[in-house]
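The values are calculated or read from the model by the stated rules, or taken from the named source; none is laboratory data. Quantities reported herein were computed from a predicted structural model and do not represent experimental measurements. Cβ sites come from the backbone with ideal geometry, for glycine too, and all protein chains shown count toward neighbours. Heads up: the accessible areas ignore ligands, DNA and RNA and are worked out on the full protein's heavy atoms, side chains in. Shrake-Rupley method; radii C 1.70, N 1.55, O 1.52, S 1.80 Å.
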Amino acid sequence: MHRYRFILTRPLQFLPVIFGVSIVTFVLVRLIPGDPARVLLGARATPTALANVRAQFGLDEPLWLQYLYFLRNLAHGEMGKSITYKIDVLPLILTRIEPTLALVASSVLLSVTIAVPLAALAARNNGGIVDHVIRTVTTFGIGFPQFWLSLMLILLLAVAIPLFPVSGYGGDIVDKLMHLALPSLTVALSLSTVLLRSLRSAMIDWLKSDVATAARARGMPESIVFWRHVLPNALAPTINLLAVNMGWLIGGTVVVESVFALPGLGQLLVRAIFSRDYMVIQGIAMAFACATVLINFLADIATVAADPRVRL
Amino acid sequence: MTTSSSARIGLRPLAPGLVILAAFLLVAILAPVIAPYDPVLQDPLARLQPPSLAHIFGTDNFGRDIFSRVLHACRVDLQMAIIGVVFPFLIGTVVGSLAGFFGGIIDLCVMRLIDIVLAFPFLVLMLSIIVILGQGLTSFYVAMALVGWVSYARLIRAQILVLKTTDYAMAATSLGFSKMRILFKHLLPNAVAGSLVFSMSDAVLVLLSGAAISYLGLGVQPPTAEWGVMVAEAQGFVTQAWWITLFPGLSIVLLAFGFSLLGDAMGEVMGVHE
């Protein structure tokens, strides 16, 4: 079990990062010009509300003490109140997690479903016409802006052929999945171009590897060589690639949720930016950063579990 | 990276990407000359016209000529992709080479800082910085410089770590050259190939982010023609007038394709693999 010892030690390495993240989010809001209490509460705040927030965040104290107040509040799960929604930031964030999580999960699943067969097709025809076409299409696909792709998919699959709803989020699970179809297709198409490139070259490497040659020498048919030896080995680094791209993926959900009016964290963030709801911006930035760190940690565990040779 | 391999392959793979980028550059320079209409001129009598001979890309809800707007937007978007890459490239190169060369406490601090920046989703950090600086293109460039340098710093640092143990680095040290001379004259020129190749895929990322931020309403402001802004403005009319959204989007895709093609070809020519 010593392979898994890093599960205990790795979180210690995350501490400085999380600490840094808290400083950055703290500083971001304090850098906004003007009286911080007014910044946090908006122009129409009552004097009592201003006094309350000054006391809670120690806004009359020196900056380093304010940071300690900030950390203390954070430890109690208090990230202030949203000006727009008049509720605490943490519960607000919690109610918006589900659509974002569902969007990320379905996009990842869908992109793997798209990328793996195409990468296999390209790798097995390495240098051929099929390979060439797939490579050109991926190079082209990398440049698709997600906000534009969303609209084109709406035009095609919601307006011209009314298969899916245009926007919003459903009530029951089937309705939700229908509403998630186009947003996740948008993100998945972008993500699969990234996956396809790396999967293709990994598959080509493994097709040439000693493992594959040995299998062929034992008389295994090419398809078995591919399914049993090439594919599992080539897929392993994909977990890591997904984790590395998680930040980018979350950025994508921000844009796509805004286009499709999906009530997730991304849409909440964009709305908070326009209503100058700084507590919410701070909370979401913090939540997203922690999620990215956590996902990278989980990806490390998955990598070790998937490949016995990996030591972290 | 060796001269023999680039001599063998030749510079021909660079051609398709260079042609596309040169075409966009030409359009950007000549936009006022070749655009048939003023990009912000409104014509109430020609609202939402489909593509025709008079307006080959059609007109938008204000009667503005889409073709002229797409051409003028090319200036903004190309500038965005270039400036958005140059500053992070320069900052990242300097920081990364200093960290890799001197190691120790500098390296430790730089690496921790990179970890912190990378912990934030790219677009979320960009948007948070733009909130403080206020919306607009200048804020976008500043935010890009503050966030984008980390990738270059990591690439250069890794290269310098390898290169500083090479024989020629030792030879330069034993000749008594100053540390700065060794770092910037001897090591850095050999370390930048990977960053140059990466800068092309970074240009795609910057272009897409700039357009997305403008689409969200925090970057380039209307009525200035910019491809992301154009898509945002046309969104309400997407079902009746597909042409307003189609052409700006295609322009982004094509410009990004040019950068990607050039990046792939540069990797091939220089023998660098991402």
Where in chain A are the DSSP H helices whose alpha-carbon span along the long axis reaches 27 Å or more and whose Kyte-Doolittle mean is at least -0.5? A:6-30, A:89-124, A:173-207, A:278-306
So if the hydrodynamic radius of the stretch B:56-180 is defined as the Kirkwood radius over C-alpha pairs, what does Stokes-Einstein give as its diffusion coefficient at 4 °C and 1.567 mPa s, in µm² per second? 75 µm²/s
What order, most packed first, do the peptides A:181-193, B:36-48, A:147-159 have when packing is the mean number of other Cβ atoms within 10 Å of each residue? A:181-193, A:147-159, B:36-48
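Could you state the accessible area per residue of the stretch A:89-306 in Å², with a 1.4 Å probe and every protein chain left in place? Walk me through the numbers before you get to the answer.
Values: 8830 Å² over 218 residues.
The answer is 40 Å² per residue.
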Relative to the longest principal axis of the C-alpha atoms of chain B, give the angle of the C-alpha long axis of helix B:188-216, reported between 0 and 90° and rounded to the nearest 10°. 30 degrees
Which value in Å is the Kirkwood Rh of chain B over different Cα pairs? 20.6 Å
Please list A:S275, A:S107 from largest to smallest accessible area, probe radius 1.4 Å, with all protein chains kept in place. A:S275, A:S107
Two-site label geometry, B:A171 and A:W248: point separation in nm, points 7 Å out along Cα→Cβ: 3.9 nm
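State the extension gain, in nm to one decimal, for the chain segment bounded by A:E78 and A:I23, taking 0.36 nm per residue of separation less the distance between their alpha-carbons.
Numbers: separation 55, 0.36 × 55 = 19.80 nm, distance 1.60 nm.
Stretched fully, the A:E78-A:I23 segment lengthens by 18.2 nm.
Take peptide A:151-160, look around each residue's Cβ out to 10 angstrom, count Cβ atoms belonging to other protein chains, and average those counts. Could the numbers behind the result be given before it?
Values: counts 11, 6, 0, 4, 5, 0, 0, 1, 3, 2.
The per-residue average across the peptide is 3.
For the stretch A:192-251, what number results from the quotient of the Cα radius of gyration and 2.2 N^0.38 Å?
Working: Rg = 13.9 Å, N = 60, 2.2 N^0.38 = 10.4 Å.
Expressed relative to 2.2 N^0.38 Å, the Cα Rg reads 1.33.
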Dividing the mean separation of Cα pairs under 8 Å (6+ apart) by the residue count of the stretch A:89-306 yields a relative contact order in percent of 28 percent
Rounded, prolate or oblate (a/c below 1.5 giving rounded, otherwise prolate when a/b exceeds b/c) for the protein assembly as shown by Cα gyration tensor: rounded
Count the net charge of all other residues whose Cβ sits under 13 Å from the Cβ of A:L50, scoring Lys and Arg as +1 and Asp and Glu as -1. +2
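How large is the charge dipole for the protein assembly as shown, taken about the Cα centre, if only the Cβ atoms of Lys, Arg (+1) and Asp, Glu (-1) carry charge, to the nearest 20 debye? Don't skip to the answer; put the middle values down first.
Numbers: 37 positive and 30 negative charges, 248 e Å.
Using Cβ point charges on Lys, Arg, Asp and Glu, the protein assembly as shown gives about 1200 debye.
Give the calculated FRET efficiency between A:A51 and B:Q221 to the nearest 0.05, with a Förster radius of 41 Å applied to their Cβ-Cβ distance.
On the way: r = 37 Å, r/R0 = 0.91.
FRET efficiency, A:A51 to B:Q221: 0.65.
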Using a 10 angstrom cutoff on alpha carbons, build the Gaussian network for chain A and name the most mobile of A:N233, A:N52, A:N126. A:N52
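Tally up the carbon and sulfur contribution to the accessible surface of the stretch A:89-306 as a whole percent, 1.4 Å probe, everything protein left in place.
Numbers: 6280 of 8830 Å².
The computed percentage sits at 71.
How many square angstrom of accessible surface are buried between B and A, both sides summed, with a 1.4 Å probe and rounding to 100?
Separately minus together, B and A give about 3500 Å² buried.
Assuming a ≥ b ≥ c are the square roots of the Cα gyration tensor eigenvalues, decide whether the stretch A:75-230 counts as rounded (a/c under 1.5), prolate (otherwise, with a/b larger than b/c) or oblate. Working shown, then result.
On the way: a/c = 2.84, a/b = 1.94, b/c = 1.46.
Prolate is the answer for the stretch A:75-230, as a/c is 1.5 or above and a/b outweighs b/c.
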Mind telling me which of B:R75, B:R112, B:R64 comes out most flexible in a GNM of chain B, alpha-carbon contacts under 10 Å? B:R112
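Throw me the Rg/Rh for the stretch A:22-122, computed over C-alpha atoms with Kirkwood Rh, two decimals. Mind showing how you got there, number by number?
Numbers: Rg = 20.2 Å, Rh = 16.5 Å.
Value, to two decimals: 1.23.
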Percent of Cα-Cα pairs more than 28 Å apart in chain A, please. 53 percent
Residues in the stretch B:204-243 occluded by at least 30 Å² - accessible area, probe radius 1.4 Å, against chain by itself: B:L208, B:Y215, B:L216, B:L218, B:V231, B:Q235, B:V238, B:T239
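Add +1 for every Lys or Arg and -1 for every Asp or Glu among the other residues with Cβ under 14 Å from the Cβ of A:W148, and state the total. Kindly include the intermediate steps, with their values, before the conclusion.
Numbers: positive: none; negative: B:D77, B:E226, B:E233.
Around A:W148, the charge tally is -3.
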Once both label points are put 7 Å beyond Cα along the C-beta direction, the A:R38-B:V272 separation in nm becomes 4.9 nm
Take the alpha carbon gyration tensor of the stretch B:25-100, find the square roots of its eigenvalues, order them as a ≥ b ≥ c, and report rounded if a/c is under 1.5; if not, report prolate when a/b exceeds b/c, else oblate. prolate
From other protein chains only, count the Cβ atoms within 10 Å of every residue's Cβ in A:5-18, then give the mean. 1
Inside 10 Å of the C-beta atoms of B:250-259, what's the mean count of C-beta atoms belonging to other chains? 4
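Tell me the carbon and sulfur percent of the accessible area for chain B, rounded to whole percent, probe radius 1.4 Å. Kindly include the intermediate steps, with their values, before the conclusion.
On the way: 8300 of 11840 Å².
The C+S portion of the solvent-accessible surface of chain B is 70 percent.
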For the stretch B:89-140 versus the stretch A:143-202, the gap between their alpha-carbon centres in whole angstrom: 31 Å
To the nearest 20 debye, what is the magnitude of the charge dipole of the stretch A:89-306 about its Cα centre, counting +1 on the Cβ of each Lys and Arg and -1 on the Cβ of each Asp and Glu? 420 debye
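Taking the solvent-accessible surface of protein heavy atoms with a 1.4 Å probe, what is the per residue accessible area of the stretch B:1-150 in Å²?
Working: 7010 Å² over 150 residues.
Spelled out: the 1.4 Å probe surface of the stretch B:1-150, per residue, equals 47 Å².
Specify the longest stretch of chain A that does not include any exposed loop site, a site being one of the trypsin sites (Lys or Arg not before Pro) with a non-H, G, I, E, B DSSP assignment and at most 16 other Cβ atoms within 10 Å.
Details: sites that count: A:R44, A:K86, A:K208, A:R218, A:R276, A:R309, A:R311.
So the longest stretch without any such site is A:87-207.
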